[in-house]
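Values quoted throughout were computed directly from the atomic coordinates according to the rules given, and no laboratory measurement underlies them. The shown structure was predicted, so the numbers you read here are calculated from the model rather than taken from an experiment. Because the Cβ atoms are built from the backbone with ideal geometry, glycine has one as well, and the counts that use them run over all protein chains shown.
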Ligand SMILES: [Zn+2]
Ligand SMILES: [Zn+2]
Ligand SMILES: [Zn+2]
């Protein structure tokens, strides 16, 4: 092996060394003295050897990387001689010289040159593995690598330096030869050592010696991340399998038990192998253990975050999952992700145009309840709710309907058992409150602290102002009160009780208008009692205080014939009773109970005033066109007129002979009218129930007043962003619309082609 | 065909008869003192109508009674109508005229 040049080099170095040690003393006396200081090992015989040109080559021969496939193992008999060489070599290593680096280099070079032997083995095992995907090839490869390692390791006698040098060069060569295929196989091998959650599948156990091999080959340090990620992936798989869709009970404790029973023993094998005592093991495990525990929390948190929408749908059966989420969120900062996930799910699954408001609210109330568990301060809720209130303003109406029990579904959004609490004054913070806490850091500027409150209060607090609720409540109450056609004190009393309850929430003052509306109902009944006693009438009006009722749909119709007379008679009697007041009829509102006597039949029906007016007109003349009828009652929308006429067609009283011309059927026609009479029973549309203008319509009405203002603004200033328009409108007298209302109005104006918008800037459409 | 009205649940608003027969519009006539509509109520009241009646002056001005009485009670009023500074004289309502 050693070339002549190498031998010469070695010899010259030994001579240098000798000279230095001997300190130019005669013979070897200096060397002897040096020896006496500490090392008895150097005796005369070895000193002779020292100069032997074979000493180093012996050493090199001994540590020479052999080919374990062919070479016979080095003869043990040589060891005694060799050891002497080592001792000398070792001894000389202690000298302050740099020549030993060179011999390390020589030795390292040998390893590098011979490493192709190892590489051949690696390639062969890995190609077997790639073909079969059988992890046992990886196991065997690792054992084989250990054989190479053992065969090439310099004996301990040679000292730590050369061994370290060997380890370094061997591992460097090894890692550069182990490609991604090995890394993947190794990871799978590690993964296969985890106890399976399925007890029928035994996990592949690696005995402790395998782990020692890993350590020896440096895999544990080199592939620490690979091993950890195998551990993480194992945890993820287990969490998904054990917890996905399992929402009833909290899973965190079960997972912790699993960790301590299944994962910790593995961790001990892996990271605790150096520990001699339990305490040492605990210390070793504490860092890595908490990393794994964190990963469990994070994985569960991610899972619950993905599932959040359905968890809310399932509430209260999903209380366990919410408990988990709460606990995880305290460890893992995923609040932002939760909000994002829920908002996304809401947008996709809840706020699409086809979704019923009622459904939205139900989910929304569940969201409130769920997020109260997860995040009592309510920051998350506020962030999640924001799109709901922006995109679906009609939720207010739905909430209010529910509040007054005017909900077809019959079930209440609110727990009956939940105590009713007054709404909080949203914008005041009571710093003297001993329980006051600063708002959470992610609260954001719009957030208003929601102290624990009931669901309705929370619902209402999501909206900017309770005034909206009160206005909507007024509208709804008006509809309900005007729908009471019989003189039912009971129904009015029921509304009164409702309002009493709502006063607790909204405050007495806010509901004062409702009080007046209810008083109008009782007053009307009292007045009617008096009027009837003076001059009996079949008219029984509800007389309202116009300033206290929501804006009512206006109508210009004039009731014909006997209706006009009935109205006038009643109004006259009223003014006799109340000399300083007079009545102004709202002729399109109310219900008329009529009896029709036809040639062959008699009919009793309850109809809206317009239908009554039309049929009254037919009693004078039995064929009429729609235009004629509209003229006769003053002014009415053509579609409304059609609807009223078709109602009579459905009853078989009128017939549309030709488009727009109707004839009274004094004698019923067989085989029925053109239209199926069953449509009469069809559910009443909202229009039927709503003589009262909805809040949105009202707002649109109010906005029209400001259109001139906006028009002037845009004429003079060109184009403006919405918030500028809003700011400038504040100068308009009495302007009280929110920016959302303004946005809605501008959008309507855009649809009518009055304005255009580009990049958020509004401008007038040129005419 | 004979149409017989058996029962009519109608809806009406009450208005103060301010003597102004111009019944044309929804124009809200307001009390010159509190600027609230006559059919509303004065700031001190919660319920309109008989509980917060109007008062007519000989000068033809009309106010919520409570508003006027409060005004008259102040020294600054000098017992004058706040609109025209004529001495306030409450008018007799000519009830007979309104529905003759
Ligand atoms: Zn007044
Ligand atoms: Zn008053
Ligand atoms: Zn006056």
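What order do you get for A:477, A:359, A:502 when you list them from fewest to most C-beta neighbours inside 10 Å?
By the 10 Å Cβ count, ascending: A:359, A:502, A:477.
Report the label-to-label distance for residue B:7 and residue A:244 in nanometres (one decimal), using points 7 Å from each Cα along the Cα→Cβ vector.
My value for the distance between the label points is 6.3 nm.
At R0 = 56 Å, how high is the FRET efficiency between residue A:639 and residue A:237 if r is their beta carbon distance? Nearest 0.05 is fine.
Plugging the Cβ-Cβ distance into 1/(1 + (r/R0)^6) gives 0.35.
First check a/c for segment A:121-196, with a ≥ b ≥ c the square roots of the eigenvalues of its C-alpha gyration tensor; if it is under 1.5, answer rounded, and if not, answer prolate when a/b is larger than b/c or oblate otherwise. Mind dumping the intermediate values first?
Working: a/c = 2.52, a/b = 2.07, b/c = 1.21.
Verdict is prolate for segment A:121-196.
Which residues in segment A:288-302 have a backbone N closer than 20 Å to a point placed 7 Å from the Cα of residue A:333 along the Cα-to-Cβ line?
A:290-302
Let's test the formula: R0 of 45 Å, r as the Cβ-Cβ distance of residue B:59 and residue A:719. What FRET efficiency results, to the nearest 0.05?
E between residue B:59 and residue A:719, to the nearest 0.05, is 0.30.
At what distance in nm do the modelled label points of residue A:156 and residue A:256 sit from each other, each positioned 7 Å from its Cα along Cα→Cβ?
4.5 nm
What does the extension gain come out to for residue A:181 and residue A:522, with contour length at 0.36 nm per residue minus their alpha carbon separation? If you can, show how the numbers build up before the last one.
Working: separation 341, 0.36 × 341 = 122.76 nm, distance 8.84 nm.
Residue separation times 0.36 nm, minus the Cα-Cα distance, leaves 113.9 nm.
For segment A:488-506 and segment A:613-653, write down the distance between their C-alpha centroids in whole Å.
39 Å
Grab the beta carbon distance between residue A:754 and residue A:727, set R0 = 22 Å, and tell me the FRET efficiency rounded to 0.05.
Efficiency, from the Cβ-Cβ distance: 0.60.
Which of rounded, prolate or oblate describes segment B:49-98 when judged by the alpha-carbon gyration tensor and an a/c cut-off of 1.5?
oblate
Contour minus end-to-end for residue A:116 and residue A:69, with contour as 0.36 nm per residue of separation and end-to-end as the Cα-Cα distance?
15.7 nm is the gain from fully extending residue A:116 to residue A:69.
What is the distance, in nm, between label points placed 7 Å from the Cα along the Cα-to-Cβ direction at residue A:600 and at residue A:619?
For residue A:600 paired with residue A:619, the spin-label model returns 2.2 nm.
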